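I have placed the structure first, in the form of structure tokens, so that the comments after it can refer back to it.
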Amino acid sequence: MESFLIKGGVPLRGTVEISGSKNAALPIMAAALLTDEPCVIRRVPDLSDTRFMVQILKSLGAEVSFNRGTVTVHAQKIRGYADYELVRKMRGSICIAGPLLARLRQARISLPGGCIIGARPINLHLKGFAALGANIKIEGGYVDATAKKLTGNSLFLGGRAGPTVLGTANVMMAATLAGGVTVIESAACEPEVVDLADFLSAMGAKISGAGSPTITITGVKKLHGAEHEVIPDRIEAATFIIAAGATNGEVVLRGARADHLRAVIDKLGEAGVSVKRRGKNLVARSGKLKPVDITTLPYAGFPTDVQAQMMALLALAPGISIITERIFESRFMHVSELGRLGADIEIEGPSAIVKGGKPLSGAPVMASDLRASAALVIAGLAAKGETQVNRIYHLDRGYEQMDEKLRKLGARIQRIEEKA
Ligand code: EPZ
């Protein structure tokens with residue numbers, strides 16, 4: 001297993017190229033199952049998750065190639081049930097269910113298990129499919145959705161923590177080939193949902209309202225092939241902006257979109273990290289760090305996928321910051337590991353109380369999930385001495401060439417075989 005060895009204390013300087021969005025690419029790759037014609041998807045990040053999705057699409061019978069960020073999918077002849085182990089391993093693969101149900105009137109996939117950040121049920125996905133007329137059966141670890149025909153319907157898709165991103169994506173995809181009109185209320189408004197709707201529209205789908213809480217889909221008989229370029233990864237961009245802030249650096253981000261990062265840029269401004277436009281790029285510059293309070297919310301609120309990275313930054317800001325996680329029940333796995341580096345953080349129910357300003361010092365730490373591992377890398381870059389971040393396979397799921405990009409910004413970071 002691999003680790004990162006980081007010698008901290010170097011201000012990051014230079015330019016970083018932001019990759020395509022993992023969370024947009026995954027449902028867009030699955031959406032190619034909706035047609036028997038070829039689809040070309042560009043700017044797909046080379047990650048273990050996107051490579052997993054390629055395997056899953058191939059296991060369904062699609063011809064798939066992935067070269068230099070371009071994925072071509074030709075789902076001419078496919079089957080409605082995916083490999084149990086493959087789907088079980090990556091939660092994001094749940095988004096093949098909507099396209100399979102729409103195209104074949106049958107989707108049989110393994111139930112995604114729980115996850116370290118929360119229970120993450122799929123009841124809202126299934127509620128949406130049932131509202132379109134599907135029969136849902138859960139047996140032997142599989143969910144089986146079948147339908148003689150799918151019929152448009154109006155449904156409310158809000159849950160315990162508000163809208164669901166992949167649930168909205170799944171129901172929107174299933175509705176594209178249903179008879180009649182579907183109206184999704186309390187839909188997720190994330191940019192990744194809008195990007196998917198743009199791709200589906202390029203395939204001939206009739207969708208309006210994506211990006212708002214009410215999405216209307218008028219079903220069509222058939223969809224055709226299309227080409228699409230995936231949006232930049234706003235979570236990767238936020239991670240590099242925060243790394244610049246935590247290391248007293250200045251970083252130019254090429255390809256990032258400020259309009260997808262408003263809540264993040266706003267809170268960082270309050271915390272002393274400025275983000276300005278320079279031509280097509282963004283420039284992140286560190287300043288005197290200040291404590292702020294954060295509550296994670298559905299988009300356009302502060303993203304839960306940036307909560308851990310922000311906590312690493314606020315551990316450096318003198319004073320008390322309160323971070324409240326409202327989306328996932330147990331997304332504070334990084335707190336104890338940040339504590340190993342000297343951070344002073346206490347958990348009180350859904351909130352973490354960060355007593356910031358104490359200098360961090362390097363230590364061996366363990367990554368537990370994708371964004372927690374990004375927070376440990378940021379803390380290691382800011383800490384005095386050497387930090388070893390173990391189990392970085394978590395990071396490789398969602399960050400393309402993170403160590404190379406950081407080295408280009410002057411970071412002293414190496415990928416090594418995990419030392420016992
Ligand atoms: C997407 O997951 C992202 N993943 C997550 O990013 C992100 O954290 C999340 O949206 C929230 O922004 C991908 O796009 C691949 P949800 P998703 O359904 O769609 C509850 C990362 O780090 N819920 O919006 O699975 C759920 O338990 C990952 O890149 C139900 O109760 O998240 C959670 O509390 C991590 N029933 C809340 O809703 C359902 O049927 C939001 O989850 C579905 C969800």
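The values are calculated or read from the model by the stated rules, or taken from the named source; none is laboratory data. Here the structure is a predicted model, which means the values were calculated and not measured. Cβ coordinates were reconstructed from backbone atoms using ideal geometry, including for glycine residues, and neighbour counts include every protein chain displayed. Heavy atoms of the whole protein, side chains included, go into the accessibility calculation; ligands, DNA and RNA do not. Shrake-Rupley method; radii C 1.70, N 1.55, O 1.52, S 1.80 Å.
Pick from the stretch 164-187 the residues that are free of Cβ contacts under 8 Å to residues at least 40 places away in the same chain and not in a loop (DSSP other than H, G, I, E, B): which of them is nearest to G118 (Cα to Cα)? Full working, then the answer.
Step one: filter the stretch 164-187 for residues free of Cβ contacts under 8 Å to residues at least 40 places away in the same chain, giving 180-181, 183, 185-187.
Narrowing the set further to residues that are not in a loop (DSSP other than H, G, I, E, B) leaves 181, 183, 185.
Values: V181: 33, V183: 28, E185: 24 Å.
For the stretch 164-187, the residue satisfying everything is E185.
Filtering the stretch 358-369 to residues that are surrounded by 15 or more Cβ atoms within 10 Å (Cβ to Cβ) and free of Cβ contacts under 8 Å to residues at least 60 places away in the same chain leaves A363, P364, V365, M366, A367. Taken over the stretch 267-291, the residue count meeting the criterion of being in contact with a Lys or Arg (Cβ under 6 Å, 6 or more places away or on another chain) and over 18 Å from R13 (Cα atoms) is 1.
May I ask you to say which residue of R262, R277 is in contact with a helix residue (DSSP H, G or I) (Cβ under 9 Å, 6 or more places away or on another chain) and surrounded by fewer than 20 Cβ atoms within 10 Å (Cβ to Cβ)?
Details: R262 fails: in contact with a helix residue (DSSP H, G or I) (Cβ under 9 Å, 6 or more places away or on another chain).
Testing whether each residue is in contact with a helix residue (DSSP H, G or I) (Cβ under 9 Å, 6 or more places away or on another chain) and surrounded by fewer than 20 Cβ atoms within 10 Å (Cβ to Cβ) leaves just R277.
Would you mind stating whether V73 is more than 16 Å from the ligand (Cβ to nearest atom), on the phi < 0 side of the Ramachandran plot, at pLDDT 95 or above and surrounded by fewer than 19 Cβ atoms within 10 Å (Cβ to Cβ)? Full working, then the answer.
Details: more than 16 Å from the ligand (Cβ to nearest atom): yes; on the phi < 0 side of the Ramachandran plot: yes; at pLDDT 95 or above: yes; surrounded by fewer than 19 Cβ atoms within 10 Å (Cβ to Cβ): no.
Spelling it out, it is not the case that V73 is more than 16 Å from the ligand (Cβ to nearest atom), on the phi < 0 side of the Ramachandran plot, at pLDDT 95 or above and surrounded by fewer than 19 Cβ atoms within 10 Å (Cβ to Cβ).
Just wondering, is there one or more residues in the stretch 233-252 that are touching a Gly at 6+ places or on another chain (Cβ under 6 Å), in contact (Cβ under 8 Å) with a residue 12 or more places away in the chain, open to solvent by less than 10 Å² (accessible area, probe 1.4 Å) and more than 24 Å from E329 (Cα to Cα)?
Initially, the stretch 233-252 is screened for residues touching a Gly at 6+ places or on another chain (Cβ under 6 Å), giving none.
No, the stretch 233-252 has no match at all.
Residue by residue through the stretch 83-95, note down the ones that are out of contact with any Cys (no Cβ under 7 Å at 6 or more places or on another chain) and within 16 Å of the ligand (Cβ to nearest atom). The answer is L86, V87, R88, K89, M90, G92, S93, I94, C95.
Just checking, does the stretch 308-318 include any residue being over 23 Å from the mean Cα position of the chain (by Cα) and open to solvent by 10 Å² or more (accessible area, probe 1.4 Å)? Yes, there is a match, as at least one residue in the stretch 308-318 is over 23 Å from the mean Cα position of the chain (by Cα) and open to solvent by 10 Å² or more (accessible area, probe 1.4 Å). Within the stretch 180-199, the set of residues being within 16 Å of the ligand (Cβ to nearest atom) and hydrophobic (A, V, I, L, M, F, W, C) comprises I184, A187, A188, C189, V193, V194, L196, A197, F199.
For the stretch 164-179, the candidate set comprises residues that are open to solvent by less than 10 Å² (accessible area, probe 1.4 Å) and hydrophobic (A, V, I, L, M, F, W, C); within that set, the residue that is farthest from the ligand (Cβ to nearest atom) is A178. If you scan the stretch 247-305, which residues turn out to be at pLDDT below 95 and in contact with an Asp or Glu (Cβ under 7 Å, 6 or more places away or on another chain)? Answer for the stretch 247-305, where residues must be at pLDDT below 95 and in contact with an Asp or Glu (Cβ under 7 Å, 6 or more places away or on another chain): there is none. Remark: pairs (first residue in the stretch 190-210, touching a residue at least 12 places away in the same chain (Cβ under 8 Å); second residue buried (at least 16 other Cβ atoms within 10 Å of the Cβ) and of a type in the set (F, W, Y); Cβ separation under 8 Å; 6+ apart in sequence or on different chains) = E190/Y299; P191/Y299. Among the residues of the stretch 370-401, those that are within 16 Å of the ligand (Cβ to nearest atom) and crowded, with 24+ Cβ neighbours inside 10 Å comprise R371, A372, S373, A374, A375, L376, V377, I378, L395, G398, Y399. For the stretch 129-163, filtering for residues that are under 13 Å from G180 (Cα atoms) and assigned to a strand (DSSP E or B) leaves 2. When residues in the stretch 140-163 are screened for being open to solvent by less than 50 Å² (accessible area, probe 1.4 Å) and within 16 Å of the ligand (Cβ to nearest atom), 9 of them pass. If we scan the stretch 51-63, do we find a residue that is within 15 Å of the ligand (Cβ to nearest atom) and aromatic (F, W, Y)? For the stretch 51-63, residues within 15 Å of the ligand (Cβ to nearest atom) and aromatic (F, W, Y): present.
Which one of these is under 22 Å from the mean Cα position of the chain (by Cα) and open to solvent by less than 40 Å² (accessible area, probe 1.4 Å): L5, L26, L34? It would help to see each step written out before you state the result.
Details: L5 fails: under 22 Å from the mean Cα position of the chain (by Cα); L34 fails: under 22 Å from the mean Cα position of the chain (by Cα).
Result: L26 is the single residue among L5, L26, L34 that is under 22 Å from the mean Cα position of the chain (by Cα) and open to solvent by less than 40 Å² (accessible area, probe 1.4 Å).
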